[in-house]
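Novice: Structure below; questions to follow.
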Amino acid sequence: MNLPAIWAIYLYEMKRFFRTLMESLLSPVISTSLYFVVFGAAIGSRIDEVEGVSYGAFIVPGLIMLSVMTQAISNASFGIYFPKFIGTIFELLSAPVNFLEIVLGYVGAAATKSLLIGIVILVTAGFFVEIRIMHPWAMLAFLLLTCISFSLFGFIIGIWAENFQQLQLIPLLVITPLIFLGGAFYSISMLPESWQTVALFNPVVYLVSGFRWSFFGTADVGVGWSLLAIAGFTGICMGVVWWIFKTGYRIKS
Amino acid sequence: MTAIVDVQNMGKVYAGRFTALSGVSLQIEQGEIIALLGPNGAGKTTLISALCGIVTPSSGRATVGGHDVVTGYRKARAMIGLVPQEIALEPFEKVINTVRFSRGLFGKRRDDALIEKILRQLSLWDKRNSRIRELSGGMKRRVLIAKALCHEPRVLFLDEPTAGVDVELRRDMWQVVEDLRQSGVTIILTTHYIEEAEAIADRIAVISKGRILLVEPTADLMARMGQKTLRIDLMERLEAVPEALAGYDVSLSADGTSLSYTYEAGGERTGITRLLQALAAEGLALRDIQTKQSSLEEIFVGLIKEGEA
């Protein structure tokens with residue numbers, strides 16, 4: 001294992017994050033605050049408790065998930081797309097590193113960034129509502145797994161994308177709708193019955209539900225299913241990344 | 001001498017159609033400078049890329065320092081430094097950070113003293129905290145060299161190191177290459193400038209359409225191929241070549257204002273002195289004199305014809 005190489009990639013990626021620290025952290029904080037003003041104060045004041053939790057607190061896990069998933073994807077996809085775009089990928093390909101080391105460096109950095117952003121949002125939310133975390137270790141595990149799996153997914157998008165438009169395509173067209181429809185701002189039990197069945201086909205429902213369970217002890221689907229969903233998603237992403245490096249898909253001819 | 005780079009019958013076919021390399025075999029000895037000379041699209045970059053791990057060879061095999069570039073890629077690549085043809089650098093990064101990153105990528109621990117030495121050698125030390133985008137094109141190329149050297153490679157690939165580089169920087173580059181050779185580094189450079197190959201390479205491998213046409217010591221090749229033409233512009237028009245010059249292989253231009261004389265640059269006697277003396281004896285006043293080396297294309301045409309014969 002070429003540990004210095006993993007560390008070099010990780011540090012290099014983290015440096016970019018810290019170089020733009022204000023933009024990296026300030027924008028999620030501002031957008032979270034806006035969500036609280038709109039959903040928590042303006043709309044939330046007209047909604048009674050959801051599953052025994054005040055609406056303002058109820059949306060906290062969903063909000064964190066929303067940011068963590070989108071940030072993990074955008075950080076990881078940009079991280080590997082940029083070297084492809086400017087040509088510095090040659091250096092990775094000609095270095096004595098294997099695919100696992102490259103992935104650990106890039107995905108590790110993207111996951112760390114999104115984890116930091118998740119924690120910052122959690123702290124920001126604490127200024128608006130009272131937050132109780134019933135299962136803190138489970139919360140951390142769900143958060144970490146989401147950061148890792150969505151960073152892996154972002155890495156795949158970054159390899160696949162051939163231009164900046166494609167880089168944005170999947171996050172905008174697929175991920176954001178899935179997150180919004182995945183119960184980030186509501187419990188799926190609030191949906192009409194037929195839509196509840198449809199919602200169960202949305203993988204994000206399982207992630208948000210499990211994460212919310214770690215806060216409040218209530219969930220749309222069983223926690224076991226949530227764990228299985230995230231483990232399955234991580235596994236699929238790892239498989240695709242392994243295949244990419246085995247075949248050199250879009251990085252090596 | 002042992003071959004530090006050994007390429008055996010290597011081929012590369014892109015996307016099942018375009019053949020970029022075909023049965024290339026090449027042995028490069030430790031400590032030498034070899035130039036891969038060929039026109040654009042000859043397969044020079046593909047050959048280098050296959051040895052460095054950027055493209056996967058379709059057939060054949062190669063070793064660097066005895067390590068197979070595919071199955072023993074870690075050890076092989078650890079010995080290789082690569083300076084690519086295109087300037088590919090992250091514009092917002094500082095010079096010193098990007099060089100440190102390269103060293104880390106090759107599994108080496110941070111070594112500030114070594115990086116300072118390399119940056120000083122390449123006149124980059126003063127720019128170490130500059131961001132890449134603030135540097136000139138020539139400086140960026142030096143950064144690429146610094147990145148390739150920072151893990152102390154034994155074999156250095158320079159892909160068109162002086163393409164688009166001004167004369168002064170070109171001379172500096174050649175000096176850097178010579179210094180590296182002194183320290184025992186084997187250097188493989190690609191170029192389509194014959195002057196460059198002639199100036200710094202010990203041996204020249206001519207490559208065209210994915211095949212190595214020949215590998216020869218530079219001096220031998222230049223002597224064999226180096227035909228030059230001397231062009232003499234005259235002050236006054238001539239109707240015909242003066243009789244006194246009949247013994248020379250001299251031709252008169254259509255407008256009668258210049259004479260051309262072809263000779264072997266590598267020959268012991270070029271005949272130039274005698275020709276000029278004869279011109280003076282004829283009382284011809286000269287406006288200008290210039291010599292022209294056979295161009296690379298001409299040499300290629302010659303080589304390909306030889307190959308067909």
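Novice: Within the set of pairs 6 or more residues apart or between chains, which connect a residue that is outside the structural domain of B:ALA197 (by TED's automatic domain parsing) inside segment B:156-177 to a residue that is at pLDDT below 80 and hydroxyl-bearing (Ser, Thr, Tyr) with Cβ atoms less than 9 Å apart?
Specialist: none
Novice: If you don't mind, another one. Could you tell me which numbered condition B:PHE92 fails, if it satisfies all but one of (1) part of a loop (DSSP other than H, G, I, E, B); (2) in contact with a Lys or Arg (Cβ under 8 Å, 6 or more places away or on another chain); (3) more than 8 Å from chain A (Cβ to nearest Cβ)?
Specialist: Every condition holds for B:PHE92 apart from (3).
Novice: Can you give me the number of residues within segment A:155-188 that are surrounded by 14 or more Cβ atoms within 10 Å (Cβ to Cβ) and more than 19 Å from A:LEU63 (Cα to Cα)?
Specialist: Total meeting the criteria: 12.
Novice: Now for a separate question. Can you confirm whether segment B:255-264 contains a residue that is part of a loop (DSSP other than H, G, I, E, B) and surrounded by 19 or more Cβ atoms within 10 Å (Cβ to Cβ)?
Specialist: No: zero hits.
Novice: Separate question: Take the residues in segment B:65-79 that are part of a loop (DSSP other than H, G, I, E, B) and of a type outside the set (Ser, Thr, Tyr), then tell me which one is farthest from the other protein chains (Cβ to nearest Cβ).
Specialist: Of everything passing the filter in segment B:65-79, B:GLY66 is farthest from the other protein chains (Cβ to nearest Cβ).
Novice: Return the residues of segment B:2-32 that are closer than 21 Å to B:GLY81 by Cβ and either among the hydroxyl-bearing types (Ser, Thr, Tyr) or assigned to a loop (DSSP other than H, G, I, E, B) (or both); say none if nothing qualifies.
Specialist: If the condition is that a residue be closer than 21 Å to B:GLY81 by Cβ and either among the hydroxyl-bearing types (Ser, Thr, Tyr) or assigned to a loop (DSSP other than H, G, I, E, B) (or both), then B:THR2, B:GLN30, B:GLY31, B:GLU32 are the ones that fit.
Novice: I need the full set of residues from segment A:14-31 which are part of a helix (DSSP H, G or I) and either of a type in the set (S, T, N, Q) or at the interface with another protein chain (Cβ under 10 Å from one of its Cβ atoms) (or both), in order please.
Specialist: Scanning segment A:14-31 gives A:LYS15, A:ARG16, A:ARG19, A:SER24, A:SER27, A:SER31.
Novice: Of the residues A:SER94, A:SER114, A:SER45, only one is without any contact (Cβ under 8 Å) to a residue 12 or more places away in the chain, crowded, with 24+ Cβ neighbours inside 10 Å and not charged (D, E, K, R); which?
Specialist: One residue alone meets the criteria, A:SER94.
Novice: Could you pull out the residue among B:ALA50, B:ALA62 that is in a helix (DSSP H, G or I), in the same structural domain as B:VAL177 (by TED's automatic domain parsing) and either touching a strand residue (DSSP E or B) at 6+ places or on another chain (Cβ under 9 Å) or under 23 Å from A:MET1 (Cβ atoms) (or both)?
Specialist: Answer to the selection: B:ALA50.
Novice: Just to be sure, is A:LEU144 surrounded by fewer than 18 Cβ atoms within 10 Å (Cβ to Cβ), under 19 Å from the mean Cα position of the chain (by Cα), in contact (Cβ under 8 Å) with a residue 12 or more places away in the chain and part of a helix (DSSP H, G or I)?
Specialist: Yes: the conditions hold for A:LEU144.
The values are calculated or read from the model by the stated rules, or taken from the named source; none is laboratory data. What you see is a predicted model, and the numbers here were worked out from it, not measured in a lab. Cβ atoms come from the backbone with ideal geometry, glycine included; neighbour counts cover every protein chain shown.
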